[in-house]
Every structure is written in structure tokens, then in C-alpha cells.
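Below: one structure, written as C-alpha cells.
Every number in this text was worked out from the coordinates using simple rules, so none of it is lab data. Being a predicted model, the structure only gives us computed values, none of them experimental. Using ideal geometry, Cβ is built from the backbone for each residue, glycine included, and neighbour counts are taken over all protein chains shown.
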Amino acid sequence: MRIGKQKVELLNPQSYEELTEKIEIAGRVCYQSEPKGDPEKFIRMIIKRGHESVLEHGSLTFKVRTNRAIANEIVRHRLASYSQESTRYVKYDDIEFIPGEKLKDPNLENLLLSAELAYKLLLTTDFKPEEARDILPNATATTLVMTMNFRELRHFLKLRLDKAAHPQIRELAGMILEILKEKYPVFVEDIEKYPVFVEDIEK
């Protein structure tokens, strides 16, 4: 049994300049105007006006490592494409868990170990991995690849950085936000983490 951490990796880094220029060209079709050499200014304008459908012309793909519970929340965002690790076809020998903070207590980790032992025991009988997986908890680690356009990314971040969101999905959303702020700032410069974000994750 292993206790892991959530991770986010950007799989398709793109040129910021080319991406913003493409979105400006697409957006200016609506106004029959020509690019003026400042795509960031144009993108700020369309975001301010709520004309965010133009942002759908750009998208990013992320590889996400999280647990089954949080993955179930992520895939509820329907305007995206997902590919996820299959517990039907993957047979686990050393199970990784990514539990919430309370389950990281050494006394409670025994519950996860018990689930792993039960899973392995079932596999020694006539249970297939797709049947034995029913014994695994939501803390079981999983990997998924998701592709979202910038409009949906903004929607995802606004919902999942909210104080009411689950702490683990807030942590993931924060990782995605940091990547975007570093590489594609104009799309998220109006989106901030809540001041209590880091404190909440550390508790």
C-alpha cells in the first residue's frame, strides 16, 4: 500500500502568442475587424463583456492524478474530453491511495490496508479485477487525461476554487490555476484563489 499525492501535468504546452492571436482572429470575425497587434487587450475585452464563447477556440490537455471520488467530481464537467484509468482491465499489485486529510491518520490508514488485502484476497479466488474492484474505496488513486477549452477551464476553476468545494478538488484546481497563470495569464488573470485556500489545504 502506498499513500500518494495529487498531481497535475500539462501535456500539450502551446505558444502563448500563437494561441492568443488565434483567439483574437476568431473573435474579430464577429465584429468584421482586423487584429490590431494586441491580442491580450482584445481577450480582456471579450471576457469583460461575457463573450466567452470565443475562448472555446483554444484548449489544453492535462494529466491528473487524484482519487476516485475527486475524479467522479471532475468528469461531471461535461464540456470536456476524458480518458481514465480502468479498474476493469488494470490489476493492482501495490495499490496507491490518495485519501483526504483525516484518513491520513496512521490509525485510520489500516482501513485502507484492509481494503487492499481484501482486494488481493478476492483475486486469488475466481474474482476478476472488474469484480474485485468493488471492494476498493473512493480513496483509490486514479489517473485521467482531460481536455478543456479555455471557457470551460474558467468555469471549472470558478466552481472548484470556491470555498464550498471539496478541499482535494480545490487543491487540484489550484494546481491548474498556477499553470495557467504562469503560461497563459490573460485567460485567468481575473481568477484568484481564496485567501484561505492554502490554510484550508494544510489543515
Practice item. Would you mind estimating how fast the chain diffuses translationally, via Stokes-Einstein at 4 °C and 1.567 mPa s with the Kirkwood radius over Cα pairs, in µm²/s? Key: 68
Revision key, fill the gap. In Å, the Kirkwood hydrodynamic radius from C-alpha pairs for the stretch 138-198 sits at 12.3
Review point. About its Cα centre, what dipole magnitude does the stretch 13-56 give when the only charges are +1 on Lys and Arg Cβ and -1 on Asp and Glu Cβ, stated in debye to the nearest 20?
Key: 260
Review point. What is the distance in Å between the Cα centres of the stretch 84-127 and the stretch 1-57?
Key: 40
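So what's the projected area for the stretch 96-135, the Cα convex hull averaged over all directions, in nm²?
Values: hull surface 11.7 nm².
The orientation-averaged projected area of the Cα hull of the stretch 96-135 comes to 2.9 nm².
Determine the dipole magnitude for the chain: charges of +1 sit on the beta-carbon of Lys and Arg, -1 on that of Asp and Glu, nothing else is charged, the reference point is the Cα centre, and the result goes in debye to the nearest 20. Numbers along the way, then the final one.
Working: 32 positive and 34 negative charges, 76 e Å.
Here the chain has a charge dipole of around 360 debye.
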Review point. Is it possible to state the helix-based mean residue ellipticity at 222 nm for the chain, with each DSSP H run of 4+ residues giving -39500 (n - 2.57), the sum divided by total residues, to the nearest 500 deg cm²/dmol? What is it?
Key: -13000 deg cm²/dmol
Revision key, fill the gap. In nanometres, the difference between 0.36 nm per residue of separation and the alpha-carbon distance of residue 178 and residue 191 is 3.6 nm
